[in-house]
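Input: a single structure, listed below in structure tokens.
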Amino acid sequence: MSASRIVLLGAPGAGKGTQAAQLVEQLGIPHISTGDMLRAAVAAETSVGLKAKALMDAGQLVGDDIVIAIAEDRLGEAKKGFILDGFPRTLAQAEALDGLLEKLDSSLDCCLALTADTEAVVERLLKRAEIEGRADDNEETIRERMKVYGEQTAPLLAYYRERGLLVEVSGMGTIEAVLGRVLGALDA
Ligand code: ADP
């Protein structure tokens, strides 16, 4: 059986959003991106958006309580499966996710980690900055996001490895090459 409840892990710029968009088409399950949901909240100037904006612009993480609440809302609707992108990002969020899924009588099938070379991903993000103009895609913030990833999110690799859920795939190369590796790893 192929995986349908998937957490995507990887440094900023490793290609999580890009691969998630491909997987949505291949597997027919929704893409749940806390980054996209937070950007929508910022654009709509909701109370969550107002709290999140300064943190996001500085490359810092938004509080666990806020992201756990928005993830919970979306997960409840994703009965057939999901691709979680950008959540969990801390150990507290990973533990909360396990609890949320348990409440839904569900569990994760796998954590797919995209590995990438730091300088290559900084290059990718700087290029994305020119195209999309995201507020957090400038060099200083990108370096801060990398640091936050290393300190707060990278420990999740061990968390999922210990649970036998971790699958690591190289995120380097073309989108198609990475997708081929991802599908192979998911047995999809
Ligand atoms: P990236 O391209 O860096 O992987 P995302 O688009 O996933 O970034 O998220 C952008 C920003 O939104 C993050 O730098 C962070 O401030 C905030 N954010 C997104 N998801 C989370 C989360 N699970 N916990 C805390 N903050 C988050």
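How much of the DSSP beta bridge set in the chain is antiparallel, as a percent to the nearest 5?
Among the beta bridges of the chain, antiparallel pairing accounts for roughly 0 percent.
More than 20 angstrom separation, counting every C-alpha pair in the chain; what % is that?
53 percent
With the cut-off at 21 Å, tell me which of the pairs LYS103/LYS147; LYS16/LYS51; LYS16/LYS147; LYS53/LYS80; LYS53/LYS147 have Cα atoms farther apart than that.
Where the Cα-Cα span goes over 21 Å, the pairs concerned are LYS103/LYS147; LYS16/LYS51; LYS53/LYS80.
Read-outs: derived from the displayed coordinates by stated rules, not from any lab. Because the structure is predicted, anything quoted here is derived from the model rather than measured.
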